[in-house]
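Only the coordinates and a few stated rules stand behind these numbers; no lab work does. Source: prediction; values computed, not measured. Here the Cβ positions follow ideal geometry from the backbone for every residue, glycine too, while neighbour counts run over all protein chains shown.
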Amino acid sequence: MAFPYTRPRRLRRDEFSRRLVRENRLGVDDLILPVFVHEASGRAPVASMPGVERLSVDELLRTAADAVALGIPALVLFPVTAPEAKSLDAAAAWAEDGLAQRAIRALKREFPQLGVITDVALDPYTTHGQDGLVDADGYVSNDDTVEALVNQALSHADAGADVVAPSDMMDGRIGAIREALEESGHVNTRILAYSAKYASAFYGPFRDAVGSAGALGKGNKSTYQMDPGNSDEALREVGLDLDEGADMVMVKPGLPYLDIVRRVKDHFGVPTFAYQVSGEYAMLKAAAMNGWLDERACALEALLGFKRAGADGVLTYFALDAARWLKED
Ligand code: PBG
């Protein structure tokens, strides 16, 4: 062949052809906004997540109004539980008038069209900061925890949650929750399973935000969250959750696990979400604040990367900003 007749650069020559051949796009429909709610009034900043705040239920409604106006389809609620509401049995997790339950009701009353997703896990409610109930040796015991998670998921559904998202990584919890939802008539409450959730150090700022870091201390979650070295195991976990009735699955964290997103999407072809977690947000934010990275360009590039890897959507603390940036573009 003569000197190249095939020149990939031709299609990159102009904006019109770059647009025509672009394979993946990020849109507002891909964004899910995580929000922290607290019992206090007003807003309180999260030091390790600049730009992210803990919100009272009233303030949450203001933020939800912004999300709705921007066209964001859904948000995920994370309650910051007061120390006195924490216990060994995590009973506050399914209190009818608990913070999460009140926040769900307020959101569904004001914004029925906005999807409300709830986190199902006990860590905000346990004195030790683990996601489940512990036995005498401090081991998170699976089957008792699943019973508690069922109570929690039902109370969220009763309050009006559209989607429950178990983030605890106990075995069998999706099936138990699905069965309880069906039996109680919540047949349309969807389950977004954190199926491949890794024991990651990137959750640090989140644990500061919800105040479970102190409780957890030097403890870790390696006896239930996945080992970062594993990949085949993620497929096994996703397969189990789908068999048990999950409607959507999630990979978490995001950027260091894009290979897992791609494998899950290729293997199962089901709605697959990725969580750009607190540590990923903090890294980008810190570099941007130092003038080392262009925040907008890097955040949008990272979010597009999730789409390219096969994600149907991304849970991201950049959701409001990203929605505004996409509108401006
Ligand atoms: C709780 C939960 C965690 C996150 C979401 N749900 C923390 C953890 O597992 O310790 C982390 C989210 C983030 O880092 O942004 N089960």
Among 88, 64, 326, the residue whose Cα sits farthest towards the positive end of the charge dipole of the chain, when +1 is placed on the Cβ of each Lys and Arg and -1 on the Cβ of each Asp and Glu, is 326
Of 126, 145, 63, the most mobile residue in a GNM of the chain (C-alpha springs, cutoff 10 Å) is 63
Computed over the chain: longest principal axis from alpha-carbon atoms vs helix 232-243 long axis, angle to nearest 10 degrees, is 60
Note on the range 247-329: alpha-carbon gyration tensor, axes a ≥ b ≥ c; rule is a/c under 1.5 for rounded, else prolate if a/b larger than b/c, else oblate; result prolate
Per GNM of the chain with C-alpha springs under 10 angstrom, the most fluctuating residue out of 12, 109, 262 is 12
Taking Cα atoms, the helix 173-183 axis meets the longest principal axis of the chain at an angle in degrees (rounded to 10) of 70
Among 234, 157, 40, the residue with the largest mean-square fluctuation in a Gaussian network model of the chain built from Cα contacts under 10 Å is 40
Output ordering of 41-54, 110-123 (per-residue mean of other Cβ within 10 Å, highest first) is 110-123, 41-54
For the chain, the count of lysine pairs 8 or more apart or interchain whose alpha-carbon atoms are under 22 Å apart comes to 16
Measuring from its Cα centre, the chain shows a charge dipole (+1 at each Lys and Arg Cβ, -1 at each Asp and Glu Cβ) which, in debye to the nearest 20, is 1980
Treating only Lys and Arg (+1) and Asp and Glu (-1) as charged, each at its beta carbon, one finds that the range 21-160 has a dipole about its Cα centre, in Debye to the nearest 20, of 740
The ³J(HN,Hα) series, computed from each phi in the range 257-271 with the Karplus coefficients 6.51, -1.76 and 1.60 at θ = phi - 60°, rounded to the nearest Hz and given as x for glycine or proline, is 10, 5, 5, 6, 4, 5, 5, 4, 5, 5, 6, 10, x, 10, x
By the C-alpha gyration tensor axes a ≥ b ≥ c (rounded if a/c is under 1.5, else prolate when a/b exceeds b/c, else oblate), the shape of the chain is prolate
Neighbour-count ranking for 233, 280, 96, 23 (other C-beta within 10 angstrom, fewest to most) reads 23, 96, 233, 280
